[in-house]
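Colleague: Okay, handing you the structure first.
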Amino acid sequence: MQWYELFHVDIEPTDRQISDFISNPLWQELSEYLIQTYAVKPKRAYSGCSMGEGYWKGWNIKFKKNGKALCTVYPKQGYFVAMVSFSAKELDDANALISMCCEYTKNKYQNAKSSKLGKSISFEVTDQDILQDIKELAALRARSTKKTNNA
């Protein structure tokens, strides 16, 4: 069963239901890391997006710092998708960081289209290497929130 079929717009899932559906320890690790490292509180949001045959539809979890998303997580059965978006100003730093990531992350980043606004990439988090890359990409986003606020 698809995630959006289990939890309609008027049925917000609990933390436990999210964890049970994803059923992957990488989710707990990422969630705890972002909460502890950046003192963020995850927020659930519902997306009615119909693209990708419902791939993006349903409840997602946003981790924001100073109003800027570090990443957005989309639950899938047995894994999760982490979407990280970079503004045009962050792309030089992101390009440098990507060179140190695993091949999967490099390929996803290089194949994602850029616009004058920046670049958004979604990563299927299925192993420890990809998870570590997401942590590093979130750290880049967190650093840029500091630059914006101190400017």
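The values are calculated or read from the model by the stated rules, or taken from the named source; none is laboratory data. No experiment lies behind these values; they were computed from the predicted model shown. Here the Cβ positions follow ideal geometry from the backbone for every residue, glycine too, while neighbour counts run over all protein chains shown. Just so you know, the surface numbers come from the protein's heavy atoms only, side chains and all, with ligands and any DNA or RNA stripped out. Shrake-Rupley method; radii C 1.70, N 1.55, O 1.52, S 1.80 Å.
Colleague: Label-point separation (nm) for MET51 and SER114, each offset 7 Å from Cα along Cα-to-Cβ?
Modeller: Rounded to a tenth, the inter-label distance reads 1.9 nm.
Colleague: Something else: Dipole of segment 8-151 (Lys/Arg Cβ +1, Asp/Glu Cβ -1, origin at the Cα centre): which of ALA96, GLY67, LEU140 lies farthest to the positive side?
Modeller: GLY67
Colleague: Here's something else I'd like to know. Which value, in debye to the nearest 20, gives the size of the charge dipole of the chain about its Cα centre, when Lys and Arg are +1 and Asp and Glu are -1 at the Cβ?
Modeller: Values: 21 positive and 17 negative charges, 175 e Å.
It comes to approximately 840 debye.
Colleague: Also, I was wondering about something else. Provide ASP127, ASP20, ASP92, ASP133 ordered by accessible surface of protein heavy atoms (probe 1.4 Å), highest first. The partial results should precede the final answer.
Modeller: Working: ASP127 65, ASP20 90, ASP92 120, ASP133 15 Å².
Descending accessible area places them as ASP92, ASP20, ASP127, ASP133.
Colleague: Still on this structure, please answer the following. Work out the charge dipole of the chain with +1 on the Cβ of Lys and Arg and -1 on the Cβ of Asp and Glu about the Cα centre, then indicate which of GLN2, ILE18, GLN110 is farthest towards its positive end.
Modeller: Positive-most Cα among the choices belongs to GLN110.
Colleague: If you build the Cα gyration tensor of the chain and take the root of 5 times each eigenvalue, what three semi-axes come out, in whole angstrom, biggest first?
Modeller: Numbers: eigenvalues 121, 57, 49 Å².
Each semi-axis is the square root of five times an eigenvalue, giving 25, 17, 16 Å.
Colleague: Continuing with this model, one more query. Cα convex hull of segment 1-63: mean projected area in nm², to one decimal? Working shown, then result.
Modeller: Details: hull surface 18.0 nm².
Averaging across all directions leaves 4.5 nm² for the Cα convex hull.
Colleague: Just grab the label-to-label distance for GLN77 and GLU32, each label 7 Å out from Cα along the Cβ direction, in nm (one decimal).
Modeller: Label at GLN77, label at GLU32, 2.7 nm between them.
Colleague: 7 Å from Cα along Cα→Cβ at both LYS62 and GLU103: what's the point-to-point distance in nm?
Modeller: In this crude spin-label approximation the distance works out to 3.6 nm.
Colleague: While we're looking at this one, here's another question. Could you work out [θ]222 nm for the chain from helices alone, using -39500 (n - 2.57) per DSSP H run of at least four and dividing by all its residues? Round to the nearest 500 deg cm²/dmol. Each step should come with its number before you reach the end.
Modeller: Numbers: 7 runs with 70 residues, N = 151.
Mean residue ellipticity at 222 nm (helix-derived): -13500 deg cm²/dmol.
Colleague: Quick check: net charge around ALA88, other residues with Cβ under 12 Å of its Cβ, Lys/Arg +1 and Asp/Glu -1? Don't jump to the answer; show the numbers that get you there.
Modeller: Numbers: positive: LYS89, LYS116, LYS119; negative: GLU90, ASP92, ASP93.
That works out to 0.
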